[in-house]
Structures are given as C-alpha cells and as structure tokens.
1. Return a yes/no flag: does the range 164-172 have any residue that is outside the structural domain of SER384 (by TED's automatic domain parsing) and at pLDDT 90 or above.
2. Which numbered condition trips up ASP286, out of (1) within 13 Å of the ligand (Cβ to nearest atom); (2) modelled with pLDDT under 95; (3) of a type outside the set (S, T, N, Q)?
3. Between MET132, MET136, which is over 24 Å from the mean Cα position of the chain (by Cα), open to solvent by less than 50 Å² (accessible area, probe 1.4 Å) and within 20 Å of ARG173 (Cβ to Cβ)?
4. Considering only residues that are of a type outside the set (Asp, Glu) and away from the ligand (no atom under 15 Å from the Cβ), which ones fall in the range 240-255?
5. Among ILE84, ILE37, which is at pLDDT below 95, surrounded by fewer than 22 Cβ atoms within 10 Å (Cβ to Cβ) and part of a helix (DSSP H, G or I)?
6. Can you tell me which residue is nearest to ILE362 (Cα to Cα) among those in the range 297-323 that are open to solvent by 70 Å² or more (accessible area, probe 1.4 Å) and near the ligand (Cβ under 9 Å from one of its atoms)?
7. Suppose we filter ARG173, ARG151 for residues that are open to solvent by 40 Å² or more (accessible area, probe 1.4 Å), of a type outside the set (S, T, N, Q), out of contact with any Pro (no Cβ under 6 Å at 6 or more places or on another chain) and farther than 29 Å from THR259 by Cα; which single one remains?
8. Run down GLU366, GLU339, GLU360 and say which single residue is in contact (Cβ under 8 Å) with a residue 12 or more places away in the chain and open to solvent by 10 Å² or more (accessible area, probe 1.4 Å).
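The values are calculated or read from the model by the stated rules, or taken from the named source; none is laboratory data. The model shown is predicted, which means the values in this text are computed figures rather than measured ones. Cβ: placed from backbone, ideal geometry, glycine included. Neighbour counts: every protein chain shown. Each accessible area value is taken on the protein alone, full model and side chains, heavy atoms only, with ligands, DNA and RNA left out. Shrake-Rupley method; radii C 1.70, N 1.55, O 1.52, S 1.80 Å.
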Amino acid sequence: MIRLETGRPTPEARRVLLGLTGGVAAYKAAELARLLISDGLEVQAVMTASACRFVGTATLQALTGRPVFTELWDASVANNMAHIDLSRNVDAIVIAPASADFIAKVAHGRADDLLSTLCLARACPLLIAPSMNRQMWENPATQRNLRTLRRDGVTVLGPASGVQACGETGMGRMLEAHELAEAVHVFFQPKPLEAKRVLITAGPTFEAIDAVRGITNSSSGKMGYAVARAAVEAGAEVILISGPVCLEAPPAARLVRVTSAQDMLVAVKNETPHADFFISVAAVADYRPKSASEHKTKKNDRNIMLELVPNPDILEYVANLPDPPFCIGFAAETQNLEENAEAKRRRKKLPLLAANLAQEAIGAEEVALTLFDDSGKHPLPKSSKIEQARRLIEHAVPLYDKWQNFNSCKK
Ligand code: C5P
C-alpha cells in the first residue's frame, strides 16, 4: 500500500472524483477507491447508469464513506448544480473504467449525463483508464478520440494487454487497481526531475561458471527498484538496468534486463550518453570466473579450482567519463561503514554516496542510510526503502543543480 510505504503524513488530503462508467472492470474501481483512501486521499464516487449495472452504489458508498452521485438532476445538491459543484471541490477527476463510449463523449465535449457534464465543467486535471474489448480499442475512431484527449491534456493510464472478459486476448484491459493507485499517487507528487533522464542499476549480477551454475549475491533489488520508483514520482524518465530479481518494475520505467556485470556495463554504456543522473544501486559482482564452461561440469572426486578475474567497476567507469552524468553510488559495508563509504566516494569521484550496513539492508524492507557528500555526512534514520529513496532524490536535486552550474562555468 502506497500510504503505508510512505509513512509520511499528508499535509492536506487531496480530493479525487472517481468516475465509473459501464465496463466489467468497474469491479476493479471498488478496489481502486479503497487503495486511494488508504493512500490518504478523499474520494467522491460518481457513476454512470451503465456503471450501476456492473457494481452497486452501495459498494462505492461503503468504501468511500460518501454518498455516490449518479444523477444530473439530483435534488439533494442545494443549488441543483451537482455538475458544477462536484468538480469544483476536487484536485483531479479519475475515470476508471473509461468505456469507449465515454471516451468518445469526452473527446467531443458532450455532456448528457452527470459524469460527462462534470468532465466538461471541470477546473482540474482529468485522468482516464480505458477499458474495452480489443477491437473497440483498435478501432480508428477510438484511437482518434484518444489522440484528441491527449492533445487536450488528458492523462491516459494504460490500458494493458491480456485476457479480456469477452474471452478474447489483446489491448484494452484496464490497468490493475494497484497500478492505477500508484499512477494517481505519482500524479500528485512534486516533479523536481521533470525532463531529466535517470539511469539506475539494481539487483545482483550473475556470473556464469558453467551452463547451469554461477556466482551471485543476495541482493534483492528492492532498494534499486525503490529508487526507480522515487525517480518516476519525481517526474524523471527512468531507465532501470536490472540484474536477475523477482520484482515488478514501475510501469513508467524502461526496464533493461541483464545477467552479468559485463552485460550491465554494455547496457550502461548504451544509455549513459543521454543520462543526466546515474544511480548505481546494483550489487555488481567484483569477480567472475575466468572462463565459463558451455556445458554442465561433471561431478568427480577431485577438487576443482575456479580462477576468478576482476569485473569492470561500472560506476567508476561512468564517473570518470569526460562528461559524466551526476553519479550517485551505494556502499554496503559490514564494518567501518563511515570510513569505508567516504573512502569509496572519494576514490570513485562521486558527488554523492549512500551507505548502509549490508547485514541490515540486504533483502530487508526497511533500512538506515547515511548520505555522504562534499559537505559531510547526513544520516537518514531507519525507514522503508521507498521513503529512503525519496529522501535520497530530495537530497540529490539541489546538489545536482549546484554541480550543473559549476560544470557549465568550467566549460
Ligand atoms: O562493490 P563496491 O562496494 O565498490 O560498490 C560501491 C558502488 O559501486 C555501488 O554503487 C555499486 O553499484 C558500484 N559498483 C559498480 N561496479 C562494480 C562494483 C561496484 O558499479 N563492479
């Protein structure tokens, strides 16, 4: 849950008008309402007549703790102006599911029921989560309507591809409730990294010994993926280069999967020329077998020797480029954390490094971090990895601005 992950009190609750239109995915909107509320948002549900055929107003009323509006002519609204009032008091309108018909209506500025009228009379951003059969999605008319909406500044969330209620498979499935809740959460975050490209490495690497065996480490990738999520929230375009992990990448990030340190270096080299930031969170193996056997090594009774050769230091390579991105390193130490971390920062010529105790950090949900930069050390008391990632980005942004100014004066 996003709210539980942040642990941060919301200064003033954001208000969202959640609009449901007619689609099977309306059942997911009930879960979305629940997730938005547990993220600290106030949710006002409005349903079209067709939406009411799929889920009951009682469900949404119970989940949001507010009466659900369905009628344009609702006498309970004092001035009989439900279509104006409801959209005035919210920070965003989120339509989930957004049917093909509803998308067509909004694209053409029609207002023949409460929800479409609210969209037309709104003074706030509009986010829609399309949900329809794949042929309806692919129809040029739908695609034309979506282009119109995007041009009008509407944010389109998804859809995804997959098995549909009609039994067909293809594009048009509404995003899952947790993905939509995250997208709404991200939408409300400040965007200090807008238009910045952030390259992040995460997870362990796997160095093959033979066809089935290899050397790896116990990095879970949780910290790197949290940093990717925090960078997306801050508005960055994120490229996440990940070793083998079992985690879901933030949908807005571009995921590049790699296996070995050498693969990771190649992927990093491809992406670095366009990056503004390089955040090296991966636990890159320091050594790899000198040669990997193509076939599975057969067992016998004798000892075998494995010769290891050093891997390239990816972070050091990037930080020493003639025109490097702003580099942030991570150090996981088991002892003498501070001395080792600061020594590593200086050796790798990094403006910023985050250090943690390996035995406490690896695989854990929460971690204590210490940031090291030219002004000294900055402890970040134990918290969830996503919260620490947000603090790291917050700390890095002003340093990046200073670093950028200094570099442009040198040129
Ligand atoms: O292994 P070490 O403790 O030196 O790692 C510190 C930093 O260097 C981390 O940010 C890690 O991702 C990076 N690193 C790297 N390539 C390596 C080893 C470490 O980029 N071969």
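1. yes
2. Just one mismatch for ASP286, condition (2).
3. Details: MET136 fails: open to solvent by less than 50 Å² (accessible area, probe 1.4 Å).
Among MET132, MET136, only MET132 is over 24 Å from the mean Cα position of the chain (by Cα), open to solvent by less than 50 Å² (accessible area, probe 1.4 Å) and within 20 Å of ARG173 (Cβ to Cβ).
4. PRO244, CYS246, LEU247, ALA249, PRO250, PRO251, ALA252, ALA253, ARG254, LEU255, listed by residue number.
5. ILE84
6. Step by step, filter the range 297-323, then rank; the result is PRO310.
7. Matching residue, one of ARG173, ARG151: ARG151.
8. Working: GLU339 fails: in contact (Cβ under 8 Å) with a residue 12 or more places away in the chain; GLU360 fails: in contact (Cβ under 8 Å) with a residue 12 or more places away in the chain.
None of the other options fit; the residue is GLU366.
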